[in-house]
Amino acid sequence: MLDSVPVMQQRFLGRTGLKVSRLGLGTLTWGRDTDEHEARDQLVAFTEAGGTLLDTAAGYGDGASEELLGSLLGDVVSRDEVVLATKAGISRVRGTRETNLSRGFLLRTLDASLKRLGVDHVDLWQVHAWSEDTPVEETLGALDFAVTSGRASYVGVSNYGGWQSAHAATWQTAVPGRARLASHQVEYSLLSREVESEVLPAAVAMGMGVLPWSPLGRGVLTGKYRSGTPADSRAASPHFAAFVGAYLDQRSQRIVEAVARAADGLGWSPLEVALTWVRDRPGVSAPIVGARTSAQLLGSLTVEQCELPEEIVTALDDVSA
């Protein structure tokens, strides 16, 4: 299927011994907008291209994403051939989004995730968000227990601010035996560069590999919204309209046009330009690419053969600063 695409390179996740493919496969829509057949095709295409990092979360589809991914593991690909990552801390209680980072809730969630995934451990377990409601040392204690009990090989955080991630990482290194933070998963793209001021420097200083989510600006950087909103796009769906709509403004439009011009000059797609840019930023281990269909995913896998010229990087940096 992808004979003409080079096998995906592997990178270390921060200052750990864990290697991951330099693109990750996101499964946010699995079990809801992406059915079993499309999910299977995505997993086949991704692993055939040399991809290993599979990203999910207990909160994706209230567990439906993990359940679908678990049903495919061992059938499509061997468990030992992938890096399985999931997250805990965000759920929907009585129809309302809730963040709960208490030790008990996190560990119960992890056990439920393992059951849905059909595995005895995950390679990377991450706290899905920051919360002021629970002492950070209690949350981090759950990460320690996950590692010492064999439920997780590595642990990390997601959507923390710069000082929050530095504080948590420093706490984990203060006493021998605590599980060091291996990763920080945050939104990062040409349309969302706020993390460059504090989050990325903190991650690099503390040895955490950065895993950008929405590296394509919630799909906007593909150029699909340049002339309107396609009926089958996320912006047209009730549960993603506001999420995507945040980037359908004039500033974003200028950046999208710059990406499109660069793509025309290189003979690439806008997707390839935007994804290559974020993949090769300092501190980044692997952008997480989520696709609703296998056809959309195939467009992302071609970036393995892409390297942006320095003058193009500089121009995109300027227009998106």
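Readers should treat all values here as calculations from the given coordinates under stated rules, not as data from a laboratory. Every value quoted in this text rests on a predicted model; they were computed, and no experiment measured them. Note that we place each Cβ from the backbone using ideal geometry, even for glycine, and neighbour counts take in every protein chain shown.
Going 7 Å from the Cα of V44 along its beta-carbon direction, which residues of the stretch 69-88 have the amide nitrogen within less than 15 Å of the resulting point? Residues 72-78 fall inside that zone. Separation of the stretch 93-131 from the stretch 7-84 is 17 Å, based on Cα centroids. Taking the average, over residues, of other Cβ atoms within 10 Å as the packing measure, peptides 50-61, 77-88, 271-282, 302-313 rank 50-61, 271-282, 77-88, 302-313 from highest down. Candidate cross-link partners of K224 among the aspartates and glutamates, defined by an alpha-carbon separation under 17 Å and a same-chain spacing of 8 or more, comprise D232, D249, E257, D264, E272.
Calculated FRET efficiency, W163 to R32, Cβ-Cβ distance, R0 = 35 Å: about 0.55 to the nearest 0.05.
Taking the DSSP bridge list for the stretch 1-98 and keeping only pairs wholly inside it, about 45 percent are antiparallel. Most simply put, the chain has about 20% antiparallel DSSP beta bridges, counting only bridges with both residues inside it.
Straight distance only, please: which lysines reach the Cα of K115 with their own Cα at less than 25 Å, same-chain residues fewer than 8 apart left out? Of all the lysines, those that pass the test against K115 - Cα under 25 Å, at least 8 places apart if same chain - are K19, K87. The helix-only estimate of mean residue ellipticity at 222 nm for the chain, built from DSSP H runs of length n ≥ 4 each weighted as -39500 (n - 2.57), is -11500 deg cm²/dmol after division by the residue total. In order along the stretch 129-137, the Karplus-derived 3J(HN,Hα) couplings, from 6.51 cos²θ - 1.76 cosθ + 1.60 at θ = phi - 60°, round to 7, 8, 8, 7, 6, 10, x, 4, 5 Hz, and Gly and Pro are given as x.
Simple point charges give the picture: +1 on the Cβ of Lys and Arg, -1 on the Cβ of Asp and Glu, and for the stretch 8-124 a dipole about the Cα centre of about 680 debye. For Rg and Dmax of the Cα atoms in Å, computed directly from the structure shown, the correct entry in (i) 19.6, 71; (ii) 20.8, 70; (iii) 18.8, 56 is (iii). Starting from the Cα gyration tensor of the stretch 8-65, take the square roots of the eigenvalues, sort them a ≥ b ≥ c, and report rounded, prolate or oblate (rounded when a/c is under 1.5, otherwise prolate if a/b is larger than b/c, else oblate). Judged from the Cα gyration tensor, the stretch 8-65 comes out oblate (a/c at least 1.5, b/c at or above a/b).
Taking the Cβ of F145 as the center, what net charge do the other residues with Cβ under 9 Å away carry, scoring Lys and Arg +1 and Asp and Glu -1?
Cβ neighbours under 9 Å give a net charge of +1.
With contacts taken as Cα pairs under 8 Å and at least 6 residues apart, the chain reaches a relative contact order of 19 percent. Counting every pair of alpha carbons in the stretch 68-157, the share spaced more than 18 Å apart comes to 43 percent.
The length gained on full extension between T293 and D75, counted as 0.36 nm times the residue separation minus their Cα-Cα distance, comes to 76.5 nm.
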